[in-house]
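The values are calculated or read from the model by the stated rules, or taken from the named source; none is laboratory data. Here the structure is a predicted model, which means the values were calculated and not measured. No Cβ is skipped: glycine too gets one built from the backbone with ideal geometry, and neighbour counts run over all protein chains shown. Quick note on the areas: whole protein, heavy atoms, side chains included, nothing else; ligands and nucleic acids left out. Shrake-Rupley method; radii C 1.70, N 1.55, O 1.52, S 1.80 Å.
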Amino acid sequence: MGIIVEAAVEQDIPALVELICAQETRWHQMDARLRPARAADEVENMLALQWNEFAAAPLVARTSGGRVRGYALPTLREFSYEFVADAQALEVFEPRTGFVESLTFPAPDEADAVLVASALLEAVQRWWQEQGAQAEMCHWPARDTCLDERWRAAGLEAFLQRSV
């Protein structure tokens, strides 16, 4: 089974809403400190805002048969020492840092989960490289270890922030 990553289209929204809600439900069951899954209409509104707010095209991973299996919105943030808030951010980030919004994969027990994760992460990294990102950042719950191997293969490492 092949996975294709391409720009998302409006017709993908119902499948994306279902995937995002399922992932949020799984995460909340895994760790009750994470927010409960949002309602479908909230996720749909979030997608609409992302698609209108960011210059980058959202990416969707789909099977060769067209079934939507993952989602990511790669972004690039430029920080400058000229701005106080940016100067503080530059203690952690590089001047051109790639981020990914709403990274969504199928549940780890699904047969194509690793294929989807690999294909989507590779596409996001290509996008970051094309934009000249000097560093990359993804947010992912530390307790969701199912994709740790994929993160390492993509060159990403865990950064655990502890509250004091």
- prompt: Which strands (runs of 3 or more DSSP E) does segment 1-116 wholly contain that include 2 or more residues that are modelled with pLDDT of 95 or more and closer than 24 Å to TRP128 by Cα?
  reply: 3-7, 59-63, 68-78
message: If the requirement is being touching a strand residue (DSSP E or B) at 6+ places or on another chain (Cβ under 9 Å), more than 22 Å from GLU122 (Cβ to Cβ) and of a type outside the set (Phe, Trp, Tyr), which of these qualifies: GLU6, GLU78?
response: GLU78
- prompt: With (1) touching a residue at least 40 places away in the same chain (Cβ under 8 Å); (2) open to solvent by less than 40 Å² (accessible area, probe 1.4 Å); (3) β-branched (Val, Ile, Thr) as the list, and VAL43 as the residue in question, which single condition is left unmet?
  reply: (1)
message: Being exposed (fewer than 13 other Cβ atoms within 10 Å of the Cβ) and within 18 Å of GLU101 (Cβ to Cβ) narrows it down to one residue among LEU16, LEU49; which is it?
response: LEU49
- prompt: Does ALA107 fit the bill of being in contact with a Cys (Cβ under 9 Å, 6 or more places away or on another chain), in contact (Cβ under 8 Å) with a residue 60 or more places away in the chain, open to solvent by less than 30 Å² (accessible area, probe 1.4 Å) and of a type in the set (A, V, I, L, M)?
  reply: yes
task: Would you point out the residue of segment 117-141, among those that are open to solvent by less than 70 Å² (accessible area, probe 1.4 Å) and in a loop (DSSP other than H, G, I, E, B), that is modelled with the lowest pLDDT?
output: PRO141
message: With closer than 14 Å to ILE4 by Cα and within 16 Å of the chain's Cα centre (by Cα) as the only criterion, which of ALA117, ALA22, ALA107 stands out?
response: ALA117
message: Please determine whether any residue of segment 81-89 is closer than 17 Å to TRP140 by Cβ, open to solvent by less than 30 Å² (accessible area, probe 1.4 Å), without any contact (Cβ under 8 Å) to a residue 60 or more places away in the chain and aliphatic (A, V, I, L, M).
response: no
- prompt: Among the residues of segment 62-70, is there at least one that is more than 18 Å from MET137 (Cβ to Cβ), surrounded by 15 or more Cβ atoms within 10 Å (Cβ to Cβ) and among the aliphatic types (A, V, I, L, M)?
  reply: yes
query: Among (1) within 12 Å of THR104 (Cα to Cα); (2) open to solvent by less than 80 Å² (accessible area, probe 1.4 Å), which single condition is ILE4 missing?
result: (1)
